[in-house]
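Down below is the structure, laid out as structure tokens.
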Amino acid sequence: MTTTDTWDPATYDRFKAERTQPFLDLLALLAPFPSAPRVVDLGCGTGELTRLLHDRIGAARTLGIDRSPAMLAEAGPRAVDEPGHHLSFALGDLAAWDGEGEGEDTDLVLANAALHWVPDHPGVLARWTAALAPGGQLAVQVPANADHPSHTLIAELVTEEPFVSALTAPVDPDPVAVNVLRPEQYAELLGDLGYEAQHVRLQVYAHHLAGTAAVADWTAGTTMTRVRAVLPADLLPEFDARYRARLVAVLGDRQPYLYPFKRILFWGRRPS
């Protein structure tokens, strides 16, 4: 996986409302906690939604973890340090997180639009589950849109000239295509991990964009980070122009364009 931090918080937040709705749908799956919970938000990004989560469920302690220094710089001012109401952020790898060093078990492990960036979901979810207290909850949302032209055209374009010869390293494969499992596989995993209750669903979100080419604005904040990490900056405008033209050629010149985006949401609760 490319280690260069190519995340741009402003670009990612261009579709803030659309990216927030799946998070709110994920929160709606949570069961009430018997007391103020201890929470870890893995892949917290700018921390805005972490703060919303922290306040909404009345968490006693919330830790947001992300691997992007740029995102964490935005998250820092959202930290809270008050008696019984502590929110902090730290640099870390969600794939390796296992709760060690937290000092106490966690009541909620949440990962919104982050787990797809890492492989071996069975192993990762097993580590997260082991860090949960009795009765603890797991809530995860991952995109599942790798088969849409918005993603497949990027994979096609990086094999074309002048881009392929200019790459400073191979483009990382689309993490959604190689890492995300089928919904029923997550249901099986939750069962194997001993969750006493679960909810798994595939949901299609309808995003209303100005036109077909505007799909490129959406992917600029996420999957295009893989290309920006290894394609020289002077070729990025040409890549963007060809990508937009290819989107229109494949999807049609529609104004507005309804961009259907599939996501998997799953939740589980451990026995008390």
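No value in this document is a laboratory result; all are computed from the given coordinates. Keep in mind that this is a model prediction, so the values were computed, not measured. Glycine also receives a Cβ, built like all others from the backbone with ideal geometry; neighbour counts cover every protein chain displayed.
Just a few scattered comments:
- Residue that is farthest from TYR186 (Cα to Cα), among those in region 212-269 that are of a type in the set (Phe, Trp, Tyr) and in contact with a helix residue (DSSP H, G or I) (Cβ under 7 Å, 6 or more places away or on another chain): PHE239
- Restricting the first member to region 213-238 and to residues that are surrounded by fewer than 18 Cβ atoms within 10 Å (Cβ to Cβ), and the second to residues that are of a type outside the set (S, T, N, Q), the beta-carbon pairs closer than 6 Å and six or more apart or on different chains are PRO232/ALA166; LEU235/ALA166.
- Odd one out for VAL248 among (1) assigned to a helix (DSSP H, G or I); (2) surrounded by fewer than 15 Cβ atoms within 10 Å (Cβ to Cβ): (2)
- Counted as qualifying within region 16-102 are the helices (runs of 4 or more DSSP H) with 3 or more residues that are more than 17 Å from ALA139 (Cβ to Cβ) and under 18 Å from the mean Cα position of the chain (by Cα), namely 16-27, 69-75.
- Among the residues examined, ALA59 does not qualify as touching a Ser or Thr at 6+ places or on another chain (Cβ under 6 Å) and buried (at least 23 other Cβ atoms within 10 Å of the Cβ).
- Meets criteria (over 12 Å from the mean Cα position of the chain (by Cα), within 18 Å of THR62 (Cα to Cα) and surrounded by fewer than 23 Cβ atoms within 10 Å (Cβ to Cβ)) for ALA126: no
- Yes/no for LEU190 being more than 18 Å from the chain's Cα centre (by Cα), assigned to a helix (DSSP H, G or I) and farther than 24 Å from GLY252 by Cα: yes
- Some residue of region 164-179 being surrounded by fewer than 14 Cβ atoms within 10 Å (Cβ to Cβ), β-branched (Val, Ile, Thr), without any contact (Cβ under 8 Å) to a residue 60 or more places away in the chain and assigned to a loop (DSSP other than H, G, I, E, B): no
- Test for ALA95: is it surrounded by 13 or more Cβ atoms within 10 Å (Cβ to Cβ) and either of a type in the set (Asp, Glu) or within 21 Å of GLN185 (Cα to Cα) (or both): yes
- Which numbered condition GLY191 fails, given (1) surrounded by 18 or more Cβ atoms within 10 Å (Cβ to Cβ); (2) more than 18 Å from GLN21 (Cα to Cα): (1)
- Residue match in region 104-123 (condition: surrounded by fewer than 18 Cβ atoms within 10 Å (Cβ to Cβ) and under 19 Å from HIS54 (Cα atoms)): yes
Conditions tested, residue by residue: (1) of a type outside the set (D, E, K, R); (2) over 17 Å from ASP105 (Cα atoms).
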| residue | (1), (2) |
| --- | --- |
| LEU26 | yes, yes |
| LEU30 | yes, yes |
| PRO34 | yes, no |
| VAL39 | yes, no |
| LEU42 | yes, no |
| THR46 | yes, yes |
| ARG51 | no, yes |
| ILE57 | yes, yes |
